[in-house]
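Heads up: the structure comes next, in C-alpha cells.
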C-alpha cells in the first residue's frame, strides 16, 4: 500500500540481446545525470533471475508467471525512503518482442519532506519519459498523476490523500483487534520462541461496563504474565467507548491498584517481576497531562507509553466518512506524540521511563522522539508499511 508508479515498457523490434543493450544504454546514463541516489551496473539476465517476471494475462498468479529468457537490466534508487526502480528489457517464452513490467513505490520518501519526495518521484517519471524518447512503447499508471498531468500540485494533492489513507487505515486496523481474540493471542505467545523483549498490551472488552473494567485487566494479566517481559496497560484506545475516562486519577487508581494486587500473587507463583507501563492518549491538554504525571508517580508504575492513536481526524479533511472514523495512526500523529513526551519528561523528571511511539516513519522522526525525552521507541505503522528498511535506517542514525 502506498503511492506507486506502475509501468510496462516494450518494443516489438526483432533485436538480439546485444542490440537491446545498445538501444537502452542511454537509460542508465540518464539515471546518473538525474542524480539518482544509487545506480547499479548492467546485469545480463536469464531464467534464474527472480526480479523480472512477466504476467502475460495481467493476472499475478503462480500459474501465469514467466521468467525472462534473456535480457539486460539495472537497478536504480531514487532516494531514501523510496523503493528502487528496475529498468531494461527482457524476452519471454511465447511472448512477442522485448518488455519489462515494474513498479516503484515512492510514497515513503515523503517522510523526508516534500522536496525530497518530489525529486524521487519526478526522477522515476523522467526516466520513463527518457525510455519513451528512445522509441519504446510505454504504459504507465502513476498514482500521483505526474506522468499524466505534469502537475506538481496534482502530485502533492495525491500524496496528501495517500498519506491520509495510510494513517487512517493503520489506526483502524490496529483498533479492530479486540479482547475476544486475547485467548488465541495468549496461546500463540506461550508457544512462541522469540528471544527479544516481548511487551503485551491489555485492556477491557468493548462491552464490559467501565465500572467493572478492572476485572478484564486482571484476567488479561493472568493469561500473559508468564510469557511477557512487560505489560502495557492500555487505557487510551479510542475505539472502546469511555475507555479514556480511565486515564483520570480515580480510573487509574482502580485499574493499576487491581493489577498491583494481582501481580503480587503472580510474582510469587512465577518467580518473576513483570513491569507495568501505562499507555496514554495524545489528546490531552497541559493540565490533564500534569495531573496524569502526578498520578503515574504516585501509583509507582514502571513507565509510560506515549502515545496511542489520536481521535483528532482533522488532518484527513472535513469529508472523511463517519464509517471510517477511528484512531489516527502514522505520520500525522508524530507532532502530537512529541508534544506529550516533552511535557511528560518535564513533569516526571529524568529518571522515569518513557517509551515514545506515534508517527515514527523515518530515522529523523525516531531521533526527534528520543530527543523529546523518550528512553525507548516503538514503531507500528512505519514498520507495517516500510518494514526492515525503517529499522535499518534508525539503527544507522543511532550509530
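Values quoted throughout were computed directly from the atomic coordinates according to the rules given, and no laboratory measurement underlies them. Treat the numbers as computed from the prediction; the structure is a model and nothing was measured. So basically every Cβ, Gly included, is an ideal-geometry build from the backbone, and we count neighbours across all protein chains shown.
Under the definition of Cα pairs under 8 Å and six or more residues apart, what whole-number percent is the relative contact order of segment 4-150? The partial results should precede the final answer.
Working: 281 pairs, mean separation 47.2, N = 147.
It comes to 32 percent, rounded to a whole number.
Order 359-370, 256-267, 86-97 from most to least packed using the mean count of other Cβ atoms within 10 Å. Show your work: numbers first, answer last.
On the way: 359-370: 23.0, 256-267: 15.7, 86-97: 18.3.
Packing proxy ranking, top to bottom: 359-370, 86-97, 256-267.
I'd like the FRET efficiency for residue 160 and residue 126, computed as 1/(1 + (r/R0)^6) with the beta carbon distance as r and R0 of 35 Å, rounded to 0.05. Spell out each step's value before the answer.
On the way: r = 22 Å, r/R0 = 0.64.
Using R0 = 35 Å, I get an efficiency of 0.95.
With the contact rule set at Cα under 8 Å and sequence spacing of 6 or more, what percent relative contact order holds for the chain?
Values: 713 pairs, mean separation 49.4, N = 399.
For the chain, the relative contact order is 12 percent.
Using only the alpha-carbon atoms, how far is helix 17-34 inclined from the longest principal axis of the chain? Give it as 0 to 90 degrees, nearest 10.
It works out to around 50 degrees.
Could you order peptides 387-399, 296-308 by the average number of other Cβ atoms within 10 Å of their residues, highest first? Could the numbers behind the result be given before it?
Numbers: 387-399: 13.2, 296-308: 20.5.
With the highest mean Cβ count within 10 Å placed first, the list reads 296-308, 387-399.
So for 204, 105, fewest C-beta neighbours within 10 Å to most, what's the order? Kindly include the intermediate steps, with their values, before the conclusion.
Working: 204 25, 105 20.
The fewest-first ordering by Cβ neighbours comes to 105, 204.
Using only Cα atoms and rounding to the nearest 10 degrees, what angle (0 to 90) does helix 152-176 make with the longest principal axis of the chain?
40 degrees
Using a Gaussian network for the chain with springs between C-alpha atoms less than 10 Å apart, which of these wobbles most: 120, 111, 220?
Checking each option, the largest mean-square fluctuation is seen for 220.
Between 159, 276, 138, find the one with the highest GNM mean-square fluctuation for the chain; connect C-alpha pairs within less than 10 Å.
Looking only at 159, 276, 138, the biggest GNM fluctuation is shown by 138.
On the first, second and third principal axes, largest extent first, how far apart are the outermost C-alpha atoms of the chain in Å?
Result for the chain: principal-axis Cα extents of 79, 43, 43 Å.
Treat the count of other C-beta atoms within 10 Å as a stand-in for reagent exposure and order 386, 242, 21 from fewest to most.
Working: 386 22, 242 12, 21 16.
Taking fewest neighbouring Cβ atoms as first place, the list is 242, 21, 386.
Rank 295, 240, 16 by mean-square fluctuation in a GNM of the chain with C-alpha springs under 10 angstrom and give only the top-ranked residue.
16
As a check on your grasp of the helix formula, calculate [θ] at 222 nm for the chain: sum -39500 (n - 2.57) over DSSP H runs of n ≥ 4, divide by the residue count, round to the nearest 500. Could you put the intermediate results ahead of the total?
On the way: 12 runs with 167 residues, N = 399.
Estimated from H runs of four or more residues: -13500 deg cm²/dmol.
For a footprinting-style exposure proxy, rank 198, 268 by other Cβ within 10 Å, fewest first. Could you put the intermediate results ahead of the total?
Working: 198 13, 268 8.
If I rank by nearby Cβ atoms, fewest first, I get 268, 198.
To check you understand DSSP bridge types, tell me what percent of the beta bridges within the chain (both residues inside) are antiparallel, rounded to 5. Let's see the in-between values first.
On the way: 29 of 47 bridges.
Counting only bridges with both partners in the chain, antiparallel ones make up about 60 percent.
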